[in-house]
1. Counting Lys +1, Arg +1, Asp -1, Glu -1, what net charge surrounds SER58 among other residues with beta carbon under 13 Å of its beta carbon?
2. Going by average Cβ neighbours within 10 Å, how do the peptides 5-12, 33-40, 130-137 rank, with the highest at the top?
3. Could you tell me which residue out of TYR98, TYR135, ASN66 lies farthest along the dipole of the chain toward its positive end? Charges go on the beta carbon: Lys and Arg +1, Asp and Glu -1, centred on the Cα centre.
4. Would you mind counting up the charge near ASN41? Only other residues with Cβ under 15 Å from its Cβ, with Lys and Arg at +1 and Asp and Glu at -1.
5. Tell me the label-point distance for the pair THR20, ILE55, using the 7 Å Cα-to-Cβ offset, in nm and rounded to one decimal.
6. Which FRET efficiency value, to the nearest 0.05, is calculated for LYS93 and ILE69 with the Förster distance at 22 angstrom and r the Cβ-Cβ distance?
7. Could you check the simple spin-label distance between LYS100 and ASN127, using points 7 Å along Cα→Cβ, in nm with one decimal?
8. Need the list of lysines near LYS2 for cross-linking: C-alpha distance under 17 angstrom, and skip anything on the same chain fewer than eight residues off.
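Please treat every number below as a calculation from the coordinates, not as lab data. Note that the structure is predicted; figures quoted are calculated from it, not measured. So basically every Cβ, Gly included, is an ideal-geometry build from the backbone, and we count neighbours across all protein chains shown.
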Amino acid sequence: MKLTENFTINELIFSETAVTNNIDNRPSVEVIANLKALCENVLQPLRDYLKSPVIITSGYRCHELNRKIGGVSNSQHILGQAVDFVVPDRKLKEVFDYIKNFLPYDQLLLESGKNGKWIHVSFRRNNRHQSVENYPA
Ligand SMILES: [Zn+2]
């Protein structure tokens, strides 16, 4: 099912870890609404601007999956309000700056960890507009 032109529900809920560990990561109606708002307000406008694929590395996580991954217990991934992604064709700093300057967001992090760098972005009602450029994962 498509949420917007370039984003499907499947890519926002797929998790290798969930598949491997037999975790049921199917989203609730409320989570789907949050994922759709995130796509409509942030990811699709970003995709339209970049004209390059935006690759989701982690989207919705049920509690069990979030625990397994070692995410913080109040992670917005649990609500479907946050995604992690990369843009292989672009410098992530450039993508980070574009979101920061031109798009609505709640939290925007340029994260780095043992698996490289990625952007974490969230969207909700009453966005806090917090951004951190060098966030250790
Ligand atoms: Zn994240």
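1. On the way: positive: ARG61, LYS68; negative: GLU11, GLU16, ASP84, GLU111.
Cβ neighbours under 13 Å give a net charge of -2.
2. Values: 5-12: 16.1, 33-40: 20.1, 130-137: 12.4.
Ranking, from highest mean packing down: 33-40, 5-12, 130-137.
3. Checking the options against the dipole of the chain, the answer is TYR135.
4. Numbers: positive: LYS36, ARG47, LYS100, ARG124, ARG125, ARG128; negative: GLU5, GLU40, ASP48, ASP106.
So the environment of ASN41 carries a net charge of +2.
5. Those two pseudo-labels are separated by 1.7 nm.
6. On the way: r = 25 Å, r/R0 = 1.14.
So, using R0 = 22 Å, E works out to roughly 0.30.
7. 1.5
8. Qualifying lysines at Cα under 17 Å: LYS36.
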